[in-house]
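The values are calculated or read from the model by the stated rules, or taken from the named source; none is laboratory data. Quick caveat: nothing in here was measured; it's all calculated off a predicted structure. Cβ placement follows ideal geometry from the backbone for every residue including glycine, while neighbour counts extend to all protein chains displayed.
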Amino acid sequence: MAEMLLDALLDAVIDTVKLIPFLFVTYLVMEWLERKTEEKSEQMLGRVGRFGPIFGGIVGIVPQCGFSASASSLYAGGVISVGTLLAVFLSTSDEMLPIFISEQVAIPTMLKILLSKAVIGVASGLALDFFLRFTKYRYKTEKRIQDLCEDEHCGCGEGGEEGGIFRSALVHTLHITVFVFLITLVLTVLVEGFGHDAIAGLLTNRPIVGVLLSALIGLIPNCAASIMITQLYLDGILGAGQMMAGLLVGAGVGLLVLFRTNERHESENVKITLILYAIGVFWGLLIEALGIVF
């Protein structure tokens, strides 16, 4: 047992250290993109009206760590529709893209997954907005739009200096490195203890259960959830539909911001969360049923 734990610890350290340079470069680029495009993206998102889900689904795939949070604030302020909000949530990749890049996943595979998330986000958002036209649903305008990064003093949106970008990229890299190490260690211990085939059989032989569980994990408003799902997929334990179900609902801190900025409408927030989960499960099951692979 002790030898297994030592081997798992060593493997986790080696696997994590190899990722650090890739993670840092990736987050450096993401920070630069966010500084250059976030304000314009928010302004555009608030002006596109009923075509919001199209714009939200497309822009959501751009690696901007705070875009789902911004979309939640815009929704709470009555600026965008629930369909646009969910389009952003569904297309946002959270930590999936940095992990894929650091693991040197083939570019065509990454593009297929990103494009699939964007298409699903757009289609689901448009369908939901269309359906809600025939209900008593109304936008809310009494809430004031807030900036999460400013409220939490995380420094993500402070200034535009290169030093600030390097600092933010370094902080993100350190945080994700810790998560990757811990999750890799846990997964390694589980695989060594129960066996890769046993764990894979638990999920792959039960595609419905696997999709339901993966989507449930994806709802956890923390980057660890998307890291875990991505790692399980890369390890061949999760199938394409199971992976997609978890990553579709993985909106990062978007749900946390929604519950915070839209706190006067808790029941509505719960409904949005349930709809997000249902959409992720639906598409995950469909991908599994069709045998789609990336």
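The C-beta contact set for the stretch 268-294 (first residue in contact (Cβ under 8 Å) with a residue 60 or more places away in the chain, second residue assigned to a helix (DSSP H, G or I) and among the basic types (Lys, Arg), distance under 8 angstrom, 6+ apart or interchain) comprises 294/112.
Filtering 245, 251 for residues that are closer than 22 Å to residue 122 by Cβ, part of a loop (DSSP other than H, G, I, E, B) and within 16 Å of the chain's Cα centre (by Cα) leaves a single hit, 251.
Picking from 23, 9, 45, 33, which residue would you name as being among the aliphatic types (A, V, I, L, M) and modelled with pLDDT of 70 or more?
Details: 23 fails: modelled with pLDDT of 70 or more; 45 fails: modelled with pLDDT of 70 or more; 33 fails: modelled with pLDDT of 70 or more.
Just a single option satisfies the conditions, and that option is 9.
For (1) touching a Ser or Thr at 6+ places or on another chain (Cβ under 8 Å); (2) of a type in the set (A, V, I, L, M, F, W, C); (3) modelled with pLDDT of 70 or more, each residue gets a yes or a no:
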residue	(1), (2), (3)
186	no, yes, yes
189	no, yes, yes
194	no, yes, no
197	no, no, no
206	no, no, yes
210	yes, no, yes
213	no, yes, yes
217	no, yes, yes
220	no, yes, yes
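Among the residues of the stretch 217-242, those identified as more than 15 Å from residue 293 (Cα to Cα) and in a loop (DSSP other than H, G, I, E, B) are 219, 220, 221, 222.
Scanning the stretch 258-278 for residues that are in contact with a Gly (Cβ under 9 Å, 6 or more places away or on another chain) and β-branched (Val, Ile, Thr) gives a single hit, 261.
For (1) among the β-branched types (Val, Ile, Thr); (2) at pLDDT below 70; (3) over 30 Å from residue 274 (Cβ atoms), each residue gets a yes or a no:
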site	(1), (2), (3)
115	no, no, no
122	yes, no, no
126	no, no, no
143	no, yes, no
146	no, yes, no
158	no, yes, yes
168	no, no, yes
